[in-house]
1. List every residue pair whose Cβ atoms lie under 8 Å apart, where the two residues are 6 or more positions apart in sequence or sit on different chains, the first residue falls within region A:251-264 and is assigned to a strand (DSSP E or B), and the second residue, located anywhere, is surrounded by 24 or more Cβ atoms within 10 Å (Cβ to Cβ) and at pLDDT 95 or above.
2. When the residues of region B:124-171 are filtered to those that are open to solvent by less than 40 Å² (accessible area, probe 1.4 Å) and of a type in the set (D, E, K, R), which remaining residue is nearest to B:Leu214 (Cα to Cα)?
3. Hey, among the residues in region A:289-308 that are in a helix (DSSP H, G or I) and touching a strand residue (DSSP E or B) at 6+ places or on another chain (Cβ under 7 Å), which one's farthest from A:Leu267 (Cα to Cα)?
4. Before we move on, is B:Arg179 under 22 Å from B:Leu78 (Cα atoms), modelled with pLDDT under 95 and not aliphatic (A, V, I, L, M)?
5. Just give me the residues in region A:84-117 being within 21 Å of A:Ala141 (Cβ to Cβ) and open to solvent by 70 Å² or more (accessible area, probe 1.4 Å), in sequence order.
6. Given the options B:Ala183, B:Ala151, name the one that is among the small types (Gly, Ala, Ser) and within 30 Å of B:Glu53 (Cα to Cα).
7. Can you say whether A:Leu213 is under 18 Å from A:Val326 (Cα atoms) and either open to solvent by 30 Å² or more (accessible area, probe 1.4 Å) or part of a helix (DSSP H, G or I) (or both), as far as the supplied structure shows?
Amino acid sequence: MPLTRNSKGVTTVSEILRVSGLTVEFSTEDGTFSAIEDVGFGLEQGKTLAIVGESGSGKSVTSLAIMQLLAENGRITAGEIVLDGENLLDLPPNDIQHRILGQQISMIFQEPMTALNPILTVGDQITEVLLEHQGIAKKAAYERAIEVLREVGIPSPEKRIRQYPHELSGGMRQRVMIAMGLVSEPKVMIADEPTTALDVTIEAQILDLLDRLKREFGTSILFVTHDLNVVADIADDVIVMYAGQIVERGSVLDVFEQPKHPYTQGLLGAMPSLTGVEGDLPTIPGVVPSIANRPSGCRFHNRCPFAHPRCTAEAPAVYRVGGQDVRCHLFDPHRSEESQ
Amino acid sequence: MNASTGNATGNAPVGRGEVLLAARDLSKHYRVRQSFFGPASAVLKAVDRLSFEVYRGETLGVVGESGCGKSTLGRILLRLEDPTEGDVSFEGEDIVGYDRRRLRALREEMQFIFQDPYSSMNPKMTIRDIILEPLENYRPDMAVSERETLAGDLLEMVGLTRDVLRRYPHEFSGGQRQRVVIARGIALNPKFVVCDEVVSALDVSVQAQVINLLADLKRRLSLTYLFISHDLRVIRHVSDRVMVLYLGQIMEIAPVNDLFDRPMHPYTRSLLGAISKGDPRNRQERVILRGEIPSPLNAPAGCPFATRCPMADTRCHEEQPRLEPRDDGRVVSCWKV
């Protein structure tokens, strides 16, 4: 069991990944902007942590930063990414490439067709990581690949292993991606919108598979999504991001049943219900601000029904409220009466 | 009998009202070359023998997975594509035989709002020109000042401001572009609007705004919608009745509450069973439907759903079921229910 300290200095025994103070900047023609700021969380062994947010929230930048897959103009300017006791940002690039990525952390993407290599067979792609980094003999690697394909529910894997990505359906391709991510038995799997491009009946199969991997192999999953319904089904813990910051963090039950941040409340309210509610849907007015136009103070203040003068002027700190961490002035225990 | 299902999208009482549009045995089959050098042998049945009505003032939701034919259906109804077989009547007139002149007139009454606003907009046109394009075609004699006023009115109607008329699509967010496309769609004051996945690409907070906007416009302009979406939650919220498609065929049509509360067709049941309840305390076992949607090129001989249906028997594999009307106002195509 890994021993790490979380941001509050409390030692926990089960955290496999701890991200703290993570800040990423992008340089563009119009200047330098921080895509995410002061992002921190812990992922526990054998748990699924969902990062949920709308476009521009920074959820994907967070996962790409952990995988060190940021675009050329992106740079981590602060923070730590501690995997099983090692800060990845202190390791030489060579070490990251050969020992960490694909080995201890792997990633699956939304659109497997663009992430898979179209000119390599399924078998070549799955065994690549084993042959390159683990020095396993080719025959053994292929046997392992067949075993993994079977684990992710691909029928007749001996045949599939010789096929190319374009010969597979969308659901099968996503299973191949998961098999690739799984073959090295990583400690952490990052899944970025892995079911967003799939039909609902296929999405159900893939979510079921990820849940089974977590239970049977103890894989820890960081699940990045815009879809709160998927979060409700698969996550143990949730992080809600807005405009580059975490605004709320807590267990999935707490966040869904007692959302604290006005943005989380707005998001949950705006989801159309399956039980059929008449009338207009509750909405969050306005739009998500672009990276270049983030408001001063609290970044949500111009869309927030509870905003008061302090929210425009001062960025809120993070407060512990019940089981959650919330970035909102409303929960400042010392807040003065006139600001209420 | 009045299967009243008053709903979020407009408050028109919907039951067996006046039929605005009716389709009879509507099919669109494509001949497809299966390999580059091979003969043009296979037939792809994008939609196959669809019969249904759309009542004036209702929202008919159309739901299904990839390859079910929902987008093809919308295009055929608006005569953007010709059906290979079958009839479509609009306000009692058969429109499949319309010539170009009459089609042109028809297109004032029927509009299409597309899924991806960015790719359906010319990036070099201003918002004013995009919104006024249909008017320049259909109302050439309208005075420029009058047009300008109308463009501004339309923008305000969809929740934008008049001062954006001179701006370009790239200056807008996805939700704002969708509003512009909606403004263009209602510019000619149509009666019937096909909305094809219009909120699918939008963020949750913006999606809710656009759904409310469509409901508001429907009430104000007495519109009738055919609302195509793969998202069952959105379908539940906006529809008065729902049509479920699978591999180009109708599985079930029912008033929205009946369909969601008491789905009859095994495919409707599987579809509803596969989606999350959105409640972490109630993570009931999803109904995991085995297998995948067959290619429409090799559609099964019998019921299209038979290859995945938990109830299928020999007859289902051999013989196609017919759409049978039920007492409660729904139609179902299944041998087993």
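1. Note: pairs meeting the criteria are A:Ser251/A:Val238.
2. Ranking the qualifying residues of region B:124-171, first place goes to B:Arg128.
3. Start the filter on region A:289-308 by keeping residues that are in a helix (DSSP H, G or I), which leaves A:291-293, A:301-303.
Filter again for touching a strand residue (DSSP E or B) at 6+ places or on another chain (Cβ under 7 Å), leaving A:291-292.
Details: A:Ile291: 20, A:Ala292: 23 Å.
The residue in question is A:Ala292.
4. Details: under 22 Å from B:Leu78 (Cα atoms): yes; modelled with pLDDT under 95: yes; not aliphatic (A, V, I, L, M): yes.
When the stated conditions are applied, B:Arg179 passes them.
5. Listed by number, the residues that qualify are A:Gln97, A:His98, A:Arg99.
6. Values: B:Ala151 fails: within 30 Å of B:Glu53 (Cα to Cα).
Being among the small types (Gly, Ala, Ser) and within 30 Å of B:Glu53 (Cα to Cα) holds for just one of B:Ala183, B:Ala151, which is B:Ala183.
7. Working: under 18 Å from A:Val326 (Cα atoms): no; either open to solvent by 30 Å² or more (accessible area, probe 1.4 Å) or part of a helix (DSSP H, G or I) (or both): yes.
Here the answer is no, as A:Leu213 does not meet what is asked.
Residue-by-condition table, conditions (1) within 7 Å of chain B (Cβ to nearest Cβ); (2) open to solvent by 10 Å² or more (accessible area, probe 1.4 Å); (3) touching a residue at least 60 places away in the same chain (Cβ under 8 Å); (4) in a helix (DSSP H, G or I):
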| position | (1), (2), (3), (4) |
| --- | --- |
| A:Asp208 | yes, yes, no, yes |
| A:Phe223 | no, no, yes, no |
| A:Gly266 | yes, yes, no, yes |
| A:Gly269 | no, yes, no, yes |
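The values are calculated or read from the model by the stated rules, or taken from the named source; none is laboratory data. Because the structure is a prediction, the values reported are computed rather than measured. Every residue, glycine as well, gets a Cβ built from its backbone with ideal geometry; the counts of neighbours run over all protein chains shown. For the accessible areas, the whole protein counts, side chains as well, though only heavy atoms, and no ligand, DNA or RNA atoms are used. Shrake-Rupley method; radii C 1.70, N 1.55, O 1.52, S 1.80 Å.
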